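S.K.: Take this structure first; my questions come after.
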């Protein structure tokens, strides 16, 4: 269906955003289900051994992947609808601005036909004097071109959103994929240059299991990423802190005392600082390690922990 002038002016943006919100609630419910499945079955191999236990563990992993992949589809739909609402709001604003300018110079707006024109009662006078017709003719064309461009952009946005919805639509009996989407390192590294809001959108579009992998495999990126959940940043930075401690201890063990010198003094100081940070984190359950170096301890941030509320 083509978006007309009247259709854009009367677009129910609040209704679109309400639909996006419902998809967002579904995303969170599914996200929580994956987290519960992961937490509830991670120790399964320790309690159920043998072929049957291994089969049950593999089935649990497949189920986590499938449920999480459903979440990825739902989040893609949510984002497409939300983005469409934002785009239509901008095009609606631009269209209203053009129409208000046209009305100000004396033109008439025909919402039904999607056009502006000289008022019919002014045409005879224009024909007689020539002044109005010569002045208004180019003006009508200019406004009409602006209107058509805005409507064209609105229709492109609508078609793009429809394509995303069609791509991620699933039938009632269709099951999600049983394999995780691959993690692309170039995209992960590119998030270092994202805005906090864009980084948050990227994170919440990832499969729950891929988020765990990202934290483990790219802790430097996740730990420093403003816009990511503070829990994920905390886990990544604690991992980096632990790695630093273990590397220093291993280096100390491999270095003879007589050859240690200033390096040993610096290592002891760093180990003492790490112990102090870990003590402070242990004393406060709400503490979040939001940076590895220099160490920065903060608190949960609802802006990103509950994104996009």
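S.K.: I'd like the full set of residues that are under 15 Å from residue 28 (Cβ atoms) and crowded, with 20+ Cβ neighbours inside 10 Å, limited to segment 207-236.
M.R.: Answer for segment 207-236, where residues must be under 15 Å from residue 28 (Cβ atoms) and crowded, with 20+ Cβ neighbours inside 10 Å: 207, 208, 211, 229.
S.K.: While we're looking at this one, here's another question. Go through (1) at pLDDT below 95; (2) in contact with a strand residue (DSSP E or B) (Cβ under 7 Å, 6 or more places away or on another chain) for residue 276 and report which single condition fails.
M.R.: All conditions pass for residue 276, except number (2).
S.K.: Out of 239, 281, 290, 248, report the one residue that is in a helix (DSSP H, G or I), in the same structural domain as residue 218 (by TED's automatic domain parsing) and in contact with a strand residue (DSSP E or B) (Cβ under 9 Å, 6 or more places away or on another chain).
M.R.: Exactly one residue qualifies, and that residue is 281.
S.K.: Please tell me if residue 80 is in contact with a helix residue (DSSP H, G or I) (Cβ under 9 Å, 6 or more places away or on another chain), modelled with pLDDT of 90 or more, within 30 Å of residue 145 (Cβ to Cβ) and assigned by TED's automatic domain parsing to the domain that holds residue 139.
M.R.: So residue 80 passes the test.
S.K.: Here's something else I'd like to know. Please report, ordered by residue number, the helices (runs of 4 or more DSSP H) entirely within segment 117-202 with at least 1 residues that are modelled with pLDDT under 85.
M.R.: Here the list reads 123-129, 131-168.
S.K.: Is it fair to say residue 36 is at pLDDT below 90, closer than 28 Å to residue 231 by Cβ and surrounded by 17 or more Cβ atoms within 10 Å (Cβ to Cβ)?
M.R.: When the stated conditions are applied, residue 36 does not pass them.
S.K.: Scan segment 264-293 for residues that are in contact with a helix residue (DSSP H, G or I) (Cβ under 8 Å, 6 or more places away or on another chain) and farther than 16 Å from residue 220 by Cβ and report the count.
M.R.: 10
S.K.: Just one of 62, 93 is loosely packed, with under 14 Cβ neighbours inside 10 Å and at pLDDT 95 or above; which is it?
M.R.: Being loosely packed, with under 14 Cβ neighbours inside 10 Å and at pLDDT 95 or above holds for just one of 62, 93, which is 93.
The values are calculated or read from the model by the stated rules, or taken from the named source; none is laboratory data. If you're wondering where the values come from, they're calculated on a predicted model, not measured in any experiment. Cβ atoms come from the backbone with ideal geometry, glycine included; neighbour counts cover every protein chain shown.
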